[in-house]
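To keep things clear, I will list the structure first and then write my remarks on it.
Derivation of every value follows stated rules applied to the coordinates shown; laboratory data play no part. These numbers were taken from a predicted model, which means no experiment stands behind them. Note: ideal-geometry Cβ built from the backbone for every residue, glycine included; neighbour counts use all protein chains shown.
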Amino acid sequence: QVLSDVFNAPVYTIDTANSACLGSAYRAIHGLVAETNVSLADVVKLAPEPRLAVTPTAGAEELYRPLLKRYAELEQKVIYSPASSC
């Protein structure tokens, strides 16, 4: 629910073991067939059907939008600051 609220997007899940590795596996398959001009979208069509798990909570975007903006600003500051200034 938290991911859905923070990013104001529905979250889908798939019923498969080791789903954390699934994206890497599909990219690997895509790499293996890259010379045949098969698109990643075509490779991913082999994936199990996703199921809607949660949708954003009404009003959560108002809370998280300024926090996401602040997080992005802090991230940029860390990325572009010289190491000596830390």
Roughly what would the spin-label model give for Tyr71 and Ala17, points 7 Å off Cα along C-beta, in nm? 3.3
Expressed to two decimals, region 7-51 has a Cα Rg over Rh, using the Kirkwood radius, of 1.04
Could you state, as a whole-number percent, how many of the C-alpha pairs of region 1-80 are farther apart than 22 Å? 51
If amide hydrogens are placed 1.01 Å from N in the peptide plane, which non-local residues have theirs closer than 5 Å to the one on Val54? Val11
